[in-house]
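Working notes for the structure below.
All of the numbers you see were taken from the coordinates with simple rules; none came from a lab. Keep in mind that what you see is a predicted model, and the values were worked out from it rather than measured. Backbone-built Cβ (ideal geometry, glycine too); neighbour counts: all protein chains shown.
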Amino acid sequence: MDKHIPPHEKSQGHAESQQKPTARASSKERTRKQAQHHNDARGHHTRSDSGFDQTIEQVRKQLPRTNRPFSRLIHIRSLEAASDFLGKTIARPHALLAGGITAFLGTLVLYNYAKFAGFSLQGSETLVTFAVGWVVGLVYDLAKAMFGRSEQ
């Protein structure tokens, strides 16, 4: 029966007193929903999909002016595709984290040992220890994918 009453004539009553979002909160909520919509549609948009373009433009309007050019840069379709490919293959979060931690700790240990033993470092130690840690991180991701439970 409520369906036939125009929205402007409906009594706001108790629901209005419970939900009085500030302009800032509603803007954040709208941005969150738009970002979620963008993430849900990601990988499924084509050049002719204007919904993605409209959403991204609405989100950009809410960004500070200084961040808008960066948003345009990272959402260039070819750059976004390359970034997604790299993120799914070699730039895995566990691999980068393991590489960074291993590079820091490995270089620290090697530096202290070199100082104690009296020899100098060559300069490639950080890169080599990063590569070792990166491989360990990739192996971890691979093992997790092969033997871990699917969380989908």
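Taken as a whole, the range 112-131 holds no residue that is exposed (fewer than 13 other Cβ atoms within 10 Å of the Cβ) and in contact (Cβ under 8 Å) with a residue 40 or more places away in the chain. Number of residues in the range 72-86 that are among the β-branched types (Val, Ile, Thr) and surrounded by 11 or more Cβ atoms within 10 Å (Cβ to Cβ) equals 1.
If the condition is being closer than 13 Å to Leu138 by Cα, more than 15 Å from the chain's Cα centre (by Cα) and assigned to a helix (DSSP H, G or I), then the range 73-96 contributes only Ala95. Note on the range 97-152: among residues that are in a helix (DSSP H, G or I) and among the basic types (Lys, Arg), the one that is nearest to the chain's Cα centre (by Cα) is Lys144.
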